[in-house]
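Below is one structure, written out as structure tokens; the observations come after it.
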């Protein structure tokens, strides 16, 4: 990964961080983990019960997302509830520190201690590559939940960003009848040029009744009660937008519409690939800092 062996701490996180730690170890680095005591294959990596020595690390990698509620470290493989600020208090200016979805409060606290946290989730290359396991995970859910094949199914993809583009491409490859909605007229033009049916996202009211599958990628309330009421009861809604999502879940339940909020799919369906994507992104950031 880098020019020489480094002392790297991987702190907290889900299977993505577990696989990341394993990949870094395979690359020849000395890897220490913390707040991962219940991870699978715990004997493969060195783990620490304390933060002693973390201030001497060349690199400290925090998870994606960095925190849970109240600034607690995101650490599903640990019984500990460690405030992220407690970890930052052990670090020193000049260390290479990275994390995903840092947040303004933690970022400001780090700056107050003269620490720089590099947010790998904000990197475009990670966002693009992360779309692949997200889309594959969404298709897996659709195939498991629908009683029909995707072939011949009328599908609406809401949004034409990274996820929307890749979803439309993969769905058409499987033979689905794909419509894509967007708000920007430039996106609508591209949607039509690619050969998909198009809809304006602000004009979906009354037009959802024919779709068996609706996949939302927009992090805003686009599927409210009125629009959900247009769907047939056997329709499936998959929401890929980050919290709080783009679906009125209370209304969906009352209307009998199955709506699934599919979060963090890369870590669930392809943790090895996701760990590799994070590793490569961190390598790019580190190379830029050292240039």
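The values are calculated or read from the model by the stated rules, or taken from the named source; none is laboratory data. Every value quoted in this text rests on a predicted model; they were computed, and no experiment measured them. Neighbour counts are summed over all protein chains in view; Cβ atoms, including those assigned to glycine, are modelled from backbone coordinates with ideal geometry.
Quick notes on this one:
- All of 202, 232 fail the test of being at pLDDT below 95 and more than 30 Å from residue 18 (Cβ to Cβ), apart from 232.
- Within the stretch 152-178, the only residue that satisfies the criterion of being within 20 Å of the chain's Cα centre (by Cα) and at positive phi is 159.
- Residue 124, sole failed condition from (1) under 23 Å from residue 70 (Cβ atoms); (2) over 12 Å from the mean Cα position of the chain (by Cα): (1)
- In the set 74, 130, only one residue is closer than 20 Å to residue 10 by Cβ and outside the structural domain of residue 12 (by TED's automatic domain parsing); that residue is 130.
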